[in-house]
Each structure stands twice: as C-alpha cells, then as structure tokens.
1. Of the residues Lys48, Lys61, Lys94, Lys124, which single one is within 25 Å of Pro142 (Cα to Cα) and touching a strand residue (DSSP E or B) at 6+ places or on another chain (Cβ under 8 Å)?
2. Based on what the data block shows, is Ala93 aliphatic (A, V, I, L, M) and in a loop (DSSP other than H, G, I, E, B)?
3. Among the residues that make up segment 129-139, is at least one of them more than 26 Å from Trp41 (Cβ to Cβ) and touching a His at 6+ places or on another chain (Cβ under 9 Å)?
4. Looking only at segment 101-128, filter to residues that are modelled with pLDDT under 90 and either under 16 Å from the mean Cα position of the chain (by Cα) or of a type in the set (Phe, Trp, Tyr) (or both); which one of those is surrounded by the most Cβ atoms within 10 Å (Cβ to Cβ)?
5. Quick test for you: out of Ala67, Ala14, pick the one residue that is of a type in the set (A, V, I, L, M, F, W, C), under 26 Å from Pro142 (Cβ atoms), at pLDDT below 95 and surrounded by 13 or more Cβ atoms within 10 Å (Cβ to Cβ).
6. Restricting the search to segment 98-116, which residues are among the aliphatic types (A, V, I, L, M), in contact (Cβ under 8 Å) with a residue 24 or more places away in the chain and over 13 Å from His129 (Cα atoms)?
Amino acid sequence: MMQSRLYFAAFLGAAVAVTAPSMFSQQPGAPGGAPAQEHHWPKPTNLKVLPKDTTPEQLHKIMHGIAGSLGVRCSFCHVVNEQTHHMDFASDAKPDKHMARIMMRMTQTINAQYLPQIHDPDAKPEDQHVSCGTCHQGHKMPPHFVPPPEHRGPPMSSAPQPGL
C-alpha cells in the first residue's frame, strides 16, 4: 500500500506544471540537429511566476509546452487586443491565466519541496518532477482517475488518516 502511494506520488510528480529549470536546460534547435530558425519574439512582460530574465525564446517554448499538455491554444489563457487583433500576452483579463499561474506555483512547490522527500530507488529521472501533463494528459481539465477494480480500496476522505 505504501509503495503504491509512493508510485502515485512519483507519477503525480512526473507532470503537473511546467517547471522553469527543466525547460530552461534544453537548448533550442530544430529536429535532427539543424540550427533553430531565428524568431524575434517580443520581450516578456508581466511575468509573475517565471523568472524576470526569461528570454522570449524560453517563454515561447514553455507556453507551447503548457498548451500541448492541456490540448489548448494560446487563446485559452490570453485575450485578443480589440484594436490590433493580435494576442495580448501581457493582459491578465482571462481568469484561466490566473489559474495557470496557481498551477505553475503548485507544481514548483511539489517539485521543490515534496518530491525530494520521496526516495524511490526504482524511479527514473523523468519521474522526479511534475509538469502540466502529469495530470492534464492533453485535456483542459485533468481526467478523472478511476483505478482498475483489482486496485480499488475504500474511498479516500479529506480527514487526516492515522499514520499518514
């Protein structure tokens, strides 16, 4: 039972929100080692969770990772400027952008504070962090998990359990 909880924690730790360190460690480039196409993204503004020195390229890569993990497009969190008809990425007008920031902070906390406490000798390096995809798995809302019948136990309550 304890081992299954550790595996669940490791699984949960494998993907709730995109973490800046893991995203920043990857160098941009095209598949097959070809040089990356040069883009001139605007300087990021209104960063409240990611580091202020995040480059436009890093931000673009992170945002596309989040969008892919949720199966959404940019307009899910960002509004279109009525005058320019372009995305207003700095705007905080959409509640989903606020929710995304909460989720990013949550995964950063899980990765920094909780997963280091789980010492599973069988865990792979990719199981040592969570990202958006850990829970969302390509859906706007995380799909409801129902364990197979052979693994179902009594319903979990929100009350603290003795020994847990």
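The values are calculated or read from the model by the stated rules, or taken from the named source; none is laboratory data. Note that the structure is a prediction, hence the values are computed from the model and not measured. Using ideal geometry, Cβ is built from the backbone for each residue, glycine included, and neighbour counts are taken over all protein chains shown.
1. On the way: Lys48 fails: touching a strand residue (DSSP E or B) at 6+ places or on another chain (Cβ under 8 Å); Lys61 fails: touching a strand residue (DSSP E or B) at 6+ places or on another chain (Cβ under 8 Å); Lys124 fails: touching a strand residue (DSSP E or B) at 6+ places or on another chain (Cβ under 8 Å).
Answer to the check: Lys94.
2. Working: aliphatic (A, V, I, L, M): yes; in a loop (DSSP other than H, G, I, E, B): yes.
Against the criterion (aliphatic (A, V, I, L, M) and in a loop (DSSP other than H, G, I, E, B)), Ala93 qualifies.
3. Our first condition is that a residue be more than 26 Å from Trp41 (Cβ to Cβ); within segment 129-139, this holds for 130, 134-135, 137, 139.
Within this subset, residues satisfying the condition of being touching a His at 6+ places or on another chain (Cβ under 9 Å) are none.
No - not one qualifying residue is present in segment 129-139.
4. Residue satisfying both the conditions and the ranking: Asp127.
5. Numbers: Ala67 fails: at pLDDT below 95.
The unique qualifying residue is Ala14.
6. Step one: list which residues in segment 98-116 are among the aliphatic types (A, V, I, L, M), which gives 99-100, 102-104, 106, 110, 112, 115.
Subset that is in contact (Cβ under 8 Å) with a residue 24 or more places away in the chain: 100, 103-104, 106, 110, 115.
Correct list: Ala100, Met103.
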